[in-house]
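> Could you have a look at this structure, given as structure tokens, before my questions?
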Amino acid sequence: MRTRRAFVVAVAWLAAVAGAVALVFAGSAETSFSGGGYVFVMGGLALAVITDASVGAVLALRRPGNIVGLVLLLGAILPSVSILGFIVGTVLSADRGRHDVLAGLVGLVGVLGIVPALIAAGPLLALVFPSGRLPGARWRWPVGAIVAAIAVGSVTVVLRPGPIAASLANNPFGVSGSSGSEAVWEMGQTLAVAALPSAFLLAFAAVIVRIRRSVGVERAQLKWFVAANVAVGAFWTLSLAGVARPNPTIFDVLAAGSLALPPIAVGVAVLRYRLFEIDRIISRTLSWAAVSGLLGALFVGLVVGLQAVSATASGGNSFAVAASTLVVAALFQPLRRRVQGAVDRRFNRARYNAELTVAGFSARLRNEVDIAMVTTDLHATVQGVVHPASLGLWIREARP
């Protein structure tokens, strides 16, 4: 049984890696999808696919009772198949014409894989993470409704005659219908499209429910997952803010590559490797982001203000930049300490309390010379912070 599982996981991983390599080649090809940096975007997507597949393979082998690993493998394979179906279908349609059967089949695979790929890569993972099960038995009904909507939409896509999409060939399985058949096709596709936002809303609700119920290890696991997805959302917000640009930018590449963060977080959470480091990571990220934003705004304000004051002086611009740089450099450490303390009090309370305890212990015993008092205070401090089952203190005797 274990050998069969390892073989299946290996085949799935190789299929995902092959899809990632094909994405990079497709991005570098001279097609309407490439040019102007699209190869780097495809490289970011390929990195995300390989990360999904690798973490999924490890979890599937080391946690066979948890389907999270299989969901990650599925989320790596389906997007690759869908994207490649679009690209190859478009190329074949342009070369062979819209009536080519092979072009129609490949394009149909790309279209049919869109919604399942997006759901497998996002909402499905959120629904079953971290236990590998739904939050409760009642969640089966909305999940079943979403699956039914996708199935109905897929059937209508397969049977609808005419072009599969604007740049794709005609549907080889399309059937001619009556005058009212077009309304049926539209209704089926509307159901499939509506399934996607419904799945995201359901996944969001599932994460909220789990967070409210969770304690200890599960709460730390969910923190990893939420933090990774918040980072992905931030990168994609920056990318979509410049959607009108003709060519991809560094933000588009980072957005594509950031899709590798959730599987990494899932791997850390499920394998519980340095699980409780998440509070430190969150506090450091927030503090550095806040410090960078405050200092950046201060620098811009000082430059503009000093340039306005010294506009008539020779070399006013150079003086404004130099003076602003010195002020920002002088304020960096004090501002960082204050912001870090404020963030730790809110998001890394355990570390903040530990530092207060250590500082108080040091202050009390700085001038203490009575070994009995030191021992008593040390026992009380350790007992209050760590809560050990037993505690012993060994003191080496002084040599005569």
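The values are calculated or read from the model by the stated rules, or taken from the named source; none is laboratory data. What you see is a predicted model; the values in this text were computed from it and never measured. When we count neighbours, we look across all protein chains shown, and the Cβ atoms used for this are built from the backbone with ideal geometry, even at glycine. In case anyone asks, the SASA skips ligands and DNA or RNA and just uses the protein heavy atoms, side chains included. Shrake-Rupley method; radii C 1.70, N 1.55, O 1.52, S 1.80 Å.
> List the helices (runs of 4 or more DSSP H) that sit entirely inside the stretch 293-389 and contain at least 3 residues that are open to solvent by less than 90 Å² (accessible area, probe 1.4 Å), modelled with pLDDT of 70 or more and closer than 28 Å to Lys223 by Cα.
The qualifying helices (runs of 4 or more DSSP H) are 316-347.
> Tell me yes or no: at least one residue of the stretch 199-210 is surrounded by 14 or more Cβ atoms within 10 Å (Cβ to Cβ), within 31 Å of the chain's Cα centre (by Cα) and closer than 30 Å to Leu105 by Cβ.
For the stretch 199-210, residues surrounded by 14 or more Cβ atoms within 10 Å (Cβ to Cβ), within 31 Å of the chain's Cα centre (by Cα) and closer than 30 Å to Leu105 by Cβ: present.
> Determine whether the stretch 4-19 contains at least one residue that is modelled with pLDDT under 85, farther than 20 Å from Gly122 by Cβ and open to solvent by 70 Å² or more (accessible area, probe 1.4 Å).
Checking the stretch 4-19: at least one residue is modelled with pLDDT under 85, farther than 20 Å from Gly122 by Cβ and open to solvent by 70 Å² or more (accessible area, probe 1.4 Å).
> Further question on the same structure: Scan the stretch 84-122 residue by residue and report those that are in a loop (DSSP other than H, G, I, E, B), small (Gly, Ala, Ser) and surrounded by fewer than 18 Cβ atoms within 10 Å (Cβ to Cβ).
Gly97
> Which condition from (1) open to solvent by less than 30 Å² (accessible area, probe 1.4 Å); (2) closer than 24 Å to Arg63 by Cβ is the one that Ala227 breaks?
(1)
> Give Val158, Val147 a once-over and let me know the one that is outside any loop (DSSP other than H, G, I, E, B), open to solvent by 50 Å² or more (accessible area, probe 1.4 Å) and either of a type outside the set (Lys, Arg) or in contact with a Ser or Thr (Cβ under 7 Å, 6 or more places away or on another chain) (or both).
Of Val158, Val147, the one residue that is outside any loop (DSSP other than H, G, I, E, B), open to solvent by 50 Å² or more (accessible area, probe 1.4 Å) and either of a type outside the set (Lys, Arg) or in contact with a Ser or Thr (Cβ under 7 Å, 6 or more places away or on another chain) (or both) is Val147.
> Return the residues of the stretch 52-78 that are β-branched (Val, Ile, Thr), in a helix (DSSP H, G or I) and open to solvent by 20 Å² or more (accessible area, probe 1.4 Å); say none if nothing qualifies.
Result: Val55, Val58, Ile77.
> Moving to a separate point now. Scan the stretch 128-141 residue by residue and report those that are part of a helix (DSSP H, G or I) and closer than 24 Å to Glu218 by Cα.
Residues satisfying the conditions are Val128, Ala137, Arg138, Trp139, Arg140.
> Also: With the condition kept exactly as written, say whether any residue in the stretch 89-107 is farther than 25 Å from Arg272 by Cβ and under 22 Å from the mean Cα position of the chain (by Cα).
no
> Right, something else. Residues being crowded, with 21+ Cβ neighbours inside 10 Å and not acidic (Asp, Glu): count how many of those fall in the stretch 236-267.
So the answer is 13.
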